[in-house]
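Input: a single structure, listed below in structure tokens.
The values are calculated or read from the model by the stated rules, or taken from the named source; none is laboratory data. Values in this document were obtained by computation on a predicted structure and should not be read as measured data. When we count neighbours, we look across all protein chains shown, and the Cβ atoms used for this are built from the backbone with ideal geometry, even at glycine. SASA here: full protein model, heavy atoms, side chains in, ligands and nucleic acids out. Shrake-Rupley method; radii C 1.70, N 1.55, O 1.52, S 1.80 Å.
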Amino acid sequence: MGRSRAKHEENPRARLDHGGTAEIAASAFTSGYELIVDGTPQSHVDLDDPTHLHFEYIVRMGAVIDQLPAGPLTAVHLGAGALTIPRYVEATRPGSRQQVIELEAPLVQLVREHLPLPKGASIRVRIGDAREGVGRLPAALQGTCDLVVSDVFSGAQTPADLTSVEFYRELSALLAPDGVLLANIADGPGLAFARRQVATVQTVFEDVAVLADAQVLKGRRFGNLVIAASAAPLPTEWLPRMLAAGPHPAKIAQGAEVASFAQKARVVTDADAVASPRPDASLFLR
């Protein structure tokens, strides 16, 4: 799929098994392509430069990944999108072993055909429900993952069963003692959903940080918050300065600020879990 595609040619599309349509379009704002699901941009991929992450929350995930110890990673990703983060890990950590769980086979086929993965990359995509897929991963992965990324949206919302303390315990069991969880949370003014998510993650992990645009973190507008969590101290010594520098300036909340953020929020369980608030297209800022 080249940028020289004739203007009259339609974008590649796929009808998803669980409703909706996915398409791949040349980005109107930057180099590369966007995966668009039901009219909302979901991922950005630059085939010539996989380190060009573009979307703000993905840039923040990349910044945390850069803080992990040098060398190849063992990683599990829930939600494929256009495989932006797996491509980034492969580009910055050659030799990494990665597993991806994605519900929509037509989406994966569309991405593989029109945004092919790097040759030789050890990225295995498993088709199926994210939570069920975690339970079906090879037993050898338990306790060995350097990185687990949870970034799943169904109908523009994170499914309820991927928000509970039981779910986060399952993810924790995958991680090595110093492994890191990254979870993408979308929420709006007041941040009621995000506060409950942070409180829930705090019951499972010793160290929790939240990365977001300052106005989003204050609950003034809808946006993405990235939760970073680990059983060990998070490697964030240089992260605040990096995030403040851009290209998408952000804030990282740690320690007492995170505790205050979530102090009155109830932990989410399988019994009372709800899907995340519905985001709008303006969530994906250029």
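Per-structure values
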quantity	calculated
Mean ellipticity per residue at 222 nm, deg cm²/dmol - from DSSP H runs of n ≥ 4 across the chain, formula -39500 (n - 2.57)	-7500 deg cm²/dmol
Relative frequency of Cα-Cα separations exceeding 21 Å in the range 46-129, percent	24
Whole-number percent relative contact order across the chain, with pairs defined as alpha carbons under 8 Å at least 6 apart	17
For q = 0.16, 0.21 Å⁻¹, Debye-computed log10 I/I(0) when each Cα of the range 92-205 counts as one equal scatterer	-0.86, -1.32
Mean Cβ count within 10 Å, highest first, over the residues of peptides 170-180, 83-93, 18-28	83-93, 170-180, 18-28
Under 15 Å, Cβ to Cβ, from residue 215 - net charge with Lys/Arg +1 and Asp/Glu -1	+2
Radius 13 Å from Cβ of residue 68, net charge of other residues (Lys, Arg +1; Asp, Glu -1)	-3
Cα-Cα separations in the chain greater than 25 Å, expressed as whole percent	43
Amide H contacts of residue 103 (H built 1.01 Å from N, under 5 Å, at least 5 apart or other chain)	80, 128
Rounded percent of accessible protein surface that carbon and sulfur make up, the chain, 1.4 Å probe	51
Centroid-to-centroid separation of the range 86-154 and the range 235-272 [C-alpha atoms, Å]	25
Per-residue HN-Hα couplings for the range 257-265 [Karplus 6.51, -1.76, 1.60; θ = phi - 60°; Hz; x = Gly/Pro]	5, 5, 4, 5, 4, 10, 5, 9, 8
Average accessible surface area per residue within the chain, 1.4 Å rolling probe, Å²	43
Gain in span if fully extended, residue 25 to residue 132, counting 0.36 nm per residue against the direct Cα distance	35.4 nm
Distant-in-sequence amide H partners of residue 269 (H built 1.01 Å from N, under 5 Å)	165
Rounded accessible area of residue 165 (nearest 10 Å², 1.4 Å probe)	10
Set of aspartates and glutamates near residue 264 by C-alpha distance (under 19 Å), chain-local residues within fewer than 8 positions excluded	187, 206, 207, 272
For residue 74, residues with placed amide H under 5 Å, excluding near neighbours	97, 146, 147
Part-to-part distance (alpha-carbon centres) for the range 201-232 and the range 37-70, which is given in Å	17
Quotient of Cα Rg and 2.2 N^0.38 Å for the range 179-286, N being how many residues it contains	1.03
19 Å Cα-Cα reach of residue 119 towards aspartates and glutamates, excluding residues that sit fewer than 8 places from it in its own chain	46, 48, 49, 90
